[in-house]
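Only one structure is covered here, and it is reproduced in the block below.
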Amino acid sequence: MRQKTFLHRQVNRDGPVTRPVRRGNIRRKQLKLWHRIVIGMAAALIICVLAAPMPSFHSPLSTVVEASDGTLLGARVADDGQWRFPPPSGLPDKYVTCLVNYEDRYFRWHPGVNPVAVFKALTDNIRAGETVRGGSTITMQVARLARGNPQRTYAGKMVEMLSALKLELFRSKRAILILYAANAPFGGNTVGIEAAAWRYTGRGTEDMTWAEAATLAVLPNAPSLIYPGRNSARLRDKRDRLLLSLAERGVIDSLSCSLAMGEPLPGAAMPMPALSPHLTERIWQESPGSRVRTTIDARLQREVSALVNRHQASLDGNLIFNSAAMVVEVSTGNVVAYVGNSTLPDTTGRHGRGVDMITAPRSTGSIMKPFLYAALLSSGRMLPNALIPDIPTRFQGFRPENFDFTYSGAVPAGDALARSLNIPAVRMLQMLEEERFLDLLHRMGFTTFNKPATHYGLSLILGGGEATLGELTGAYASMARVLNETNAGIEYYPGQWHMPLIHKGDTARATNDPSPPLSAPAVWLTYEALKRVNRPDTETGWQYFGNAPEVAWKTGTSFGFRDAWAVGTTPTHVAGVWAGNADGEGRPGLSGISSAAPLLFDIIRLLQPGTQEWFTRPEEGMTLAGVCAASGYRAGPDCTERREEWIPETGLRSDACPYHQIINLDKTGKFRVNSSCSTPDEMTATSWFVLPPAMEYYYRMHNPSYHTLPPLLTGCADDMQVPSMEFIYPPKDARIFIPRSLQGQLMSMLPEIAHRRRDATVYWHLDNRYIGTTRFVHQTEIRAGEGEHVITAVDDRGVTVSRRFYCIGTL
């Protein structure tokens, strides 16, 4: 078939010429024109899409705190008063299915705008003369929510469509669904699927039922009209119609549909969970508007919190209104339970139960003594059971007393720790020196001891400083970790000793310390001492813990009965407990043994430590050494009875026994003799365990097996080889404040000496002036004016001791 042509008239210089032109050329030109138009429109659309605002959300967020398994521990409302959780990492399948089927059935296929839905909505609205139908897709709703949910207009709809197209270009369908679910309104001040789930179902989204998923899917469609707890009929109708449509499409079977439709609707909004309100508050202060996954074990947290409240109910009767507990996992340093205070109702508002006592610095009492004991063992200055003086002791402006106000004369260091004796602890701090101990506490991670050693003095070991329950528990956990990993053959590394970790995934801060603050052998010996359950008779109730699991435990009570502490260590966990009043008010009867230890042992029972073997003795760094059986010191040449004892290798350089001396006895062995009254062949050299007079005076009261020195044979002169008496008070060069009575007279003071002979007579002189005589109990009352004085005691055998002291402040 011939192609049709037509004549095209062309004019040139030779005159008009007529030539034929084909129709195909015209069509090609027309197609090119249309291509240019389409490309131009597409380009214009792309430019408009790219120029459109990218949907983004900048509203303030709630602070969300989760346990290690994702359980919600607590939340704080956003700054604008809305419950708006940070976007979740994913959505439950049931909710996604319900949402897509209800809001946007073609969500998986359209590019952000559904033209068919838009056309139908436009047609219906024109016919009705008002907005009766929306054509928005889920993506368009995200764009609308990002704009602040403004009033609907056609111009606004165009912006939402362009923004939706842009969002689909740069985000996945999954990300778009999360944006919608995290920012959709669910009625009242609840925004987002997670907040809605907790507010209306009391659970998270993980175990959502079909009925709950359908309810939450339809709720943002008109949250003000079908708010849970109101308009229940409309809400149920929408939910059930969605469930029926799911059944019709085969998404759920008929039985599941019937069961779901039979579920009741959510009632009024519920309060957010508060499993750890003080930890939630702490994280809100540190990282507001964030989602924090912690190391907390949700089950253990519930149980420990319940125990704290149960014990707090009994403490309330003594007007002790606050208590706290923390549990740390030894291997990781993770905090697995954090109860900053009791959550019992505070009807008065004055009990301070909103205060987080885990982070509050409090006076330490005796709870630091194990660190001192371990430090002396680590340094080699002391052996585990070396005798420590326990006699009346006075220092400049400081007079420590044992809890029961008694003295033992001398006690093994391990017993002094187990019995929490104060005077031996102060003596041990003297041995180590305050500066060294303070430096040790800093190496261990304590941040509250921020003053020089001179500020604390020797009272540092008895509560002169403050620590937090969190740092204290972390230090004990680090001790156990060093011991466990040393026994496992793991060489010490800088991150092995660290404070507790709360944020899941956190790593310990590495330090520049090449060695642990306390050695593994010293830690093991410390825990062996703390494992003993016997406590002083005055600490009534320790027998209650006799059937407790194997645990190394220590209690402490601050001066004035203001703080009660208890810490227990097992190979797997460390539990720390504090009890007292947040405002610092002391209460009679408040003590570590009665107020904190019962809660500690209930927590230890929860941890089931019996399933784990006890700490094993470290193979490295320990040695068997000969120890004096009487003194606990390294056996010297004069020690008659020795025993083999495991000690740190550093202990091999400790002092030898200072209490065994060679004395000369007569042939009967009943009297001491010397060269003034006996010849060498009549003397028998014998090693004798001899304590200084003051120590002996109290020691023999508690140790009937102690043999005092035999008396000198009549006629023998005292060669003063062994002192027979010693001042107990006043201390050497003491500066003593003597107050005046109400009548203006100077108060008296009571100098005291200890004498080896029970029936000795002592003559007292003050500044060379005779003032009196004592027998059996050697105390005398004196009145001394301001200034320097010398008091002298002379016994009936002419032995003399003197002591210089100064009286101040008598005006």
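Structure notes:
- Filter pass, residue 719 being acidic (Asp, Glu) and assigned to a loop (DSSP other than H, G, I, E, B): yes
- Among the candidates 757, 797, the residue that is surrounded by 11 or more Cβ atoms within 10 Å (Cβ to Cβ), touching a residue at least 60 places away in the same chain (Cβ under 8 Å) and not in a strand (DSSP E or B) is uniquely 797.
- Qualifying residue in segment 356-369 (condition: crowded, with 24+ Cβ neighbours inside 10 Å, under 24 Å from residue 552 (Cα atoms) and among the hydroxyl-bearing types (Ser, Thr, Tyr)): yes
- Any hit, segment 679-695, residues being touching a Leu at 6+ places or on another chain (Cβ under 6 Å) and either open to solvent by 40 Å² or more (accessible area, probe 1.4 Å) or among the polar types (S, T, N, Q) (or both): yes
- Residues located in segment 392-417, provided they are among the hydrophobic types (A, V, I, L, M, F, W, C) and at pLDDT 90 or above: 410, 411, 413, 416, 417
- Test: residue in segment 785-802 that is of a type in the set (Lys, Arg), under 24 Å from residue 669 (Cβ atoms) and out of contact with any His (no Cβ under 8 Å at 6 or more places or on another chain): yes
- Some residue of segment 346-358 being of a type outside the set (Phe, Trp, Tyr), outside any loop (DSSP other than H, G, I, E, B) and in contact with a strand residue (DSSP E or B) (Cβ under 9 Å, 6 or more places away or on another chain): no
- Considering only residues in segment 495-514 that are open to solvent by 50 Å² or more (accessible area, probe 1.4 Å) and of a type outside the set (Lys, Arg), the one that is farthest from the chain's Cα centre (by Cα) turns out to be 514.
- Residue match in segment 111-121 (condition: modelled with pLDDT under 90 and more than 60 Å from the chain's Cα centre (by Cα)): yes
- Criterion: open to solvent by less than 40 Å² (accessible area, probe 1.4 Å) and either farther than 26 Å from residue 76 by Cβ or of a type in the set (Lys, Arg) (or both) - qualifying residue of 218, 191: 218
- From the list 323, 305, 342, 314, the lone residue that is free of Cβ contacts under 8 Å to residues at least 60 places away in the same chain, open to solvent by less than 30 Å² (accessible area, probe 1.4 Å) and either within 30 Å of residue 191 (Cβ to Cβ) or not in a loop (DSSP other than H, G, I, E, B) (or both) is 305.
- Among residues of segment 623-662 being open to solvent by 70 Å² or more (accessible area, probe 1.4 Å) and touching a Gly at 6+ places or on another chain (Cβ under 6 Å), the one that is farthest from residue 693 (Cα to Cα) is 649.
- Scanning segment 665-677 turns up no residue that is open to solvent by 30 Å² or more (accessible area, probe 1.4 Å) and under 30 Å from residue 519 (Cα atoms).
- Where a residue in segment 769-792 is over 12 Å from residue 807 (Cα atoms) and its partner, wherever it lies, is exposed (fewer than 13 other Cβ atoms within 10 Å of the Cβ), with Cβ under 6 Å and at least six apart: 779/750; 780/772; 781/748; 781/750; 792/802
- Filter result (under 17 Å from residue 476 (Cα atoms), in contact (Cβ under 8 Å) with a residue 40 or more places away in the chain and assigned to a loop (DSSP other than H, G, I, E, B)) within segment 489-530: 497, 498, 499, 500, 502, 508, 517, 518, 519
- For segment 722-754, residues that are part of a loop (DSSP other than H, G, I, E, B), closer than 25 Å to residue 804 by Cβ and open to solvent by 50 Å² or more (accessible area, probe 1.4 Å) total 7.
- Among residues of segment 409-420, those that are open to solvent by 10 Å² or more (accessible area, probe 1.4 Å) and not charged (D, E, K, R), counted: 2
- The selection criterion, being in contact with a helix residue (DSSP H, G or I) (Cβ under 9 Å, 6 or more places away or on another chain) and modelled with pLDDT of 95 or more, does not hold for residue 167.
- Taking the criterion of being under 18 Å from residue 735 (Cα atoms), open to solvent by 40 Å² or more (accessible area, probe 1.4 Å) and either touching a helix residue (DSSP H, G or I) at 6+ places or on another chain (Cβ under 8 Å) or not in a loop (DSSP other than H, G, I, E, B) (or both), the residues of segment 800-811 that qualify are 802, 803, 804, 806, 808.
- Any hit, segment 209-220, residues being free of Cβ contacts under 8 Å to residues at least 40 places away in the same chain, over 16 Å from residue 99 (Cβ atoms) and of a type outside the set (Phe, Trp, Tyr): no
- Contacts under 7 angstrom Cβ, first residue in segment 400-414 being touching a residue at least 12 places away in the same chain (Cβ under 8 Å), partner of a type in the set (Phe, Trp, Tyr), 6 or more apart: 407/698; 408/698; 408/699; 409/697; 409/698; 409/699; 410/699; 413/373
- Filter result (surrounded by 15 or more Cβ atoms within 10 Å (Cβ to Cβ), aliphatic (A, V, I, L, M) and farther than 20 Å from residue 206 by Cα) within segment 48-75: 49, 52, 61
- Residues in segment 762-794 that are open to solvent by 30 Å² or more (accessible area, probe 1.4 Å) and under 29 Å from residue 711 (Cβ atoms): 763, 765, 770, 771, 773, 775, 776, 777, 779, 794.
- Any hit, segment 472-481, residues being at pLDDT 95 or above, touching a Ser or Thr at 6+ places or on another chain (Cβ under 7 Å) and of a type in the set (S, T, N, Q): no
The values are calculated or read from the model by the stated rules, or taken from the named source; none is laboratory data. This is a predicted model, so every value here is computed, not measured. Neighbour counts are summed over all protein chains in view; Cβ atoms, including those assigned to glycine, are modelled from backbone coordinates with ideal geometry. In case anyone asks, the SASA skips ligands and DNA or RNA and just uses the protein heavy atoms, side chains included. Shrake-Rupley method; radii C 1.70, N 1.55, O 1.52, S 1.80 Å.
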